[in-house]
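The values are calculated or read from the model by the stated rules, or taken from the named source; none is laboratory data. Bear in mind that the values here come from a model prediction, so they are computed numbers and not experimental data. Note that we place each Cβ from the backbone using ideal geometry, even for glycine, and neighbour counts take in every protein chain shown. For accessibility, only protein heavy atoms count, side chains too; no ligands or nucleic acids. Shrake-Rupley method; radii C 1.70, N 1.55, O 1.52, S 1.80 Å.
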Amino acid sequence: MRTRYSVPLGLAAGAAAAGAVTLGYAAGWEARSFRLRRVTVPVLPPGAHPLRVLQVSDIHMVCGQRKKQRWLQSLAGLRPDLVINTGDNLSDSDGVPELLDSLGPLMEFPGAYVFGSNDYYAPQLRNPAKYLLERVSGRHGLNGNKAATGVPRNPWWLIRDAFDDAGWVDLTNTRGRVKTAGLEIALTGLDDPHIKRDRYAEVSGGPERDADLSLAVVHAPYLRVLDAFTADEYPLILAGHTHGGQVCIPFYGALVTNCDIDTRRVKGLSHHEADGRRSYLHVSAGCGTNRYTPVRLACPPEATLLTLTERPA
């Protein structure tokens, strides 16, 4: 005789109610609960005054996100010395005007940028469970998966032109310089490794020794990129892409990173080591989500104000 099991009706109803409350919190409250993370990184030459770098990432702008727009505009009140945008600005092909309106006050400050896959391509509906499956199988983005075909394009060139007109430095597989707060900052950037647009050979060679500081900038923190920057002795690497895991387990952390970096370094300041060398790595959890998964749990949206200070002698 086959034994049959059933879930008590009250227990099932309670679980459903708890799930609905959690989803409501994640989508209705936490995804719109914007924060500013503050970190200090000792990478400047001895005697240099602190440098304030504001990193914004993974905005994923969708038309009508008024609270996000107002919050981004308010960040100009920090009066940063330098703004670094690490990509994925859009999640709506019609969102460029609202994106540029949101970033307009920040574009009054010196800045630089790289793009992510969501700047180039429109988002698509995707089963969130695939992120877990890709984590287990070791496949991430096009790194092991087949190239996507027939994906609608975003008008990324409109963003590029606006950033360029504001004087922000385009770091798409190239180098650039910014002079701010009395310091000469050399910047080396890559296009998005998540869709295999990175070309490290075009920017290799390491920091520029006649600059006061050299920074490395990339959207997605794939290990091949972090290894290359670190081996070339960049003191600080800035990245985004991971959303900090986006949906995390309280008191445990992220389950996925959407790339091959480990979950322990999915957001915030850490170190990366390669070839016996060590670099600081800062991964922004970003301030948006894909429009089809507009939830965050135990991982509020953020921007980061990095105060760079003099390094130990």
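Tabulated results
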{"read-out": "Solvent-accessible ranking of LEU226, LEU36, largest area first, probe 1.4 Å", "value": "LEU36, LEU226"}
{"read-out": "Kyte-Doolittle at least -1.0, axis length at least 18 Å by Cα - qualifying DSSP helices, the chain", "value": "9-28"}
{"read-out": "Inter-label distance, nm, simple model (7 Å from Cα along the C-beta direction), THR149/ARG278", "value": "4.8"}
{"read-out": "Kirkwood-Stokes translational diffusion coefficient of the stretch 102-208, alpha-carbon pairs, 37 °C, 0.692 mPa s, µm²/s", "value": "203"}
{"read-out": "Computed label-point distance, nm, for sites ARG126 and THR309 using a 7 Å Cα→Cβ extension", "value": "3.9"}
{"read-out": "Length-normalised contact order for the chain - Cα pairs under 8 Å, 6+ apart - percent", "value": "26"}
{"read-out": "Unit charges at the beta carbon, dipole of the stretch 213-313: most positive-side option, THR242, LEU281, VAL295", "value": "VAL295"}
{"read-out": "Efficiency of FRET from Cβ geometry, LEU133 and ARG70, R₀ 41 Å, rounded to 0.05", "value": "0.65"}
{"read-out": "About the Cα centre, charge dipole magnitude for the chain (Lys/Arg +1, Asp/Glu -1 at Cβ), debye", "value": "1400"}
{"read-out": "Hits among aspartates and glutamates - C-alpha to C-alpha of LYS67 under 18 Å, sequence gap 8 or more where chains match", "value": "GLU30, ASP58, ASP92, ASP94, GLU98, ASP101, GLU302"}
{"read-out": "Per residue solvent-accessible surface (Å²) - the chain, probe of 1.4 Å", "value": "47"}
{"read-out": "Hull-based mean projected area of the stretch 197-313, where the convex hull spans the alpha carbons, in square nanometres", "value": "8.8"}
{"read-out": "Rounded percent of accessible protein surface that carbon and sulfur make up, the stretch 25-127, 1.4 Å probe", "value": "51"}
{"read-out": "Among VAL136, PHE109, ALA122 the positive-end extreme of the charge dipole of the stretch 33-136 (Cβ point charges)", "value": "VAL136"}
{"read-out": "Accessible-area composition of the stretch 219-261, carbon plus sulfur, in percent [1.4 Å probe]", "value": "63"}
{"read-out": "Average silhouette area of the chain, convex hull of alpha-carbon atoms, in square nanometres", "value": "19.7"}
{"read-out": "Reachable lysines, given that their alpha-carbon falls under 27 Å from the alpha-carbon of LYS130 and they are not under 8 places away in the same chain", "value": "LYS146, LYS196, LYS267"}
